[in-house]
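Reviewing the structure listed below.
Derivation of every value follows stated rules applied to the coordinates shown; laboratory data play no part. A quick note: this is a predicted structure, and the numbers were derived from the prediction, not measured. Every residue, glycine as well, gets a Cβ built from its backbone with ideal geometry; the counts of neighbours run over all protein chains shown.
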Amino acid sequence: MQAAQKLLGWYDRHRRVLPWRALPGETPDPYRVWLSEIMLQQTTVVTVKPYYEKFLTLFPTLHDLAAAPDDAVMTAWAGLGYYSRARNLLKCARTLVAEHNGIFPQEESALLTLPGIG
């Protein structure tokens, strides 16, 4: 068994269970991963976890987030700080829906054009 396979096997057995991580064999949901990455900037996992779960209850899909009023998103974000993250999250969601049919682009160059990413 190669070192990488051993390491991945160890990770599958001992990883921390977090709501944004796909289970072994599952495909990660780009919306959930992106949301967690934005929330986790400058903020601890312990702090983010309840906000993340509440946020997904309010905005379960990218389309739901894109359609949400600004004040609803800012209210859901309240307490996480760094509110520019929330504003960029909303801008990015709306851009993805309007310009990319609600699908995260595969190309790095296209990702870098999105608000809050590039």
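Here is the figure for the stretch 13-22: residues that are assigned to a loop (DSSP other than H, G, I, E, B) and over 22 Å from residue 54 (Cβ atoms) total 1. Scanning the stretch 1-42 for residues that are within 20 Å of residue 117 (Cα to Cα) and hydroxyl-bearing (Ser, Thr, Tyr) yields 31, 36.
Considering the stretch 37-118, the qualifying helices (runs of 4 or more DSSP H), each wholly inside and each with 3 or more residues that are surrounded by 14 or more Cβ atoms within 10 Å (Cβ to Cβ), run over 45-58, 62-67, 70-77, 83-100. Screening the stretch 8-36 for residues that are aliphatic (A, V, I, L, M) and surrounded by 11 or more Cβ atoms within 10 Å (Cβ to Cβ) and picking the one that is nearest to residue 85 (Cα to Cα) gives 35.
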